[in-house]
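Here's the structure, in structure tokens; my notes come after.
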Amino acid sequence: MNKQKNDKTLEVLVISQFIKDMSFENFRTNEKNLKDINYKLNINVNVEKADDIISNVILHLFCEASDETGNIYILEILYGGTFKISYTEKKERRRVLMVDCPNLLFPFLRRIAYDITKEGGFSPLNIKPMDFSSFQDNT
């Protein structure tokens, strides 16, 4: 990804993507036809080494599925990417790390969550596409 910004070129290189940690706790394996499932879903963005030219961006997904009788499953995934960002302006770098990098990673995290829940014997967890720019704060 290249963008022109104040006579400087912003270059973002994806070095790697990885699952840092994953847990799927399946409490009700043998039950079929579960109905009225409630989902608590939370996705956070964490940045490691934000001031370095090479930084890690980690998406932390936590999903708890339950019904009136209790927990069905808990899914937790830390999915990350290592990025090389050549632009040094602090505000722009923060925007790239908190918006652009998560936007690149999210489709992969979404697919992993879908596959894990499906292979666990449940209806696949189909998370709607997200645009992380709508969550950016103005600091």
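A few points about this structure:
- For the chain: relative contact order, % (alpha-carbon pairs under 8 angstrom, 6 or more apart): 24 percent
- Phi-derived couplings, Karplus 6.51 cos²θ - 1.76 cosθ + 1.60 at θ = phi - 60°, listed residue by residue for region 20-35: 7, 7, 8, 9, 10, 9, 9, 8, 9, 4, 8, 7, 10, 6, 5, 10 Hz, with x used for Gly and Pro.
- Computed E for Ile37/Lys84 - FRET, C-beta separation, R0 30 angstrom, nearest 0.05: 0.15
- Residues of type aspartates and glutamates that Lys20 reaches as a straight line, Cα spacing below 12 Å, ignoring anything fewer than 8 places off in the same chain: Glu76
- Relative contact order (%) - region 46-120, alpha-carbon pairs under 8 angstrom, separation at least six: 29 percent
- Rounded to the nearest 10 degrees, the inclination of helix 101-119 to the longest alpha-carbon principal axis of the chain is 20 degrees.
- P(r) tail, the chain: Cα-Cα pairs separated by more than 26 Å, 34% of all pairs.
Rule-based calculations on the coordinates, nothing more; no lab input. Because the structure is a prediction, the values reported are computed rather than measured. For neighbour counting, all protein chains shown are included, and Cβ atoms are generated from backbone atoms with ideal geometry for every residue, glycine included.
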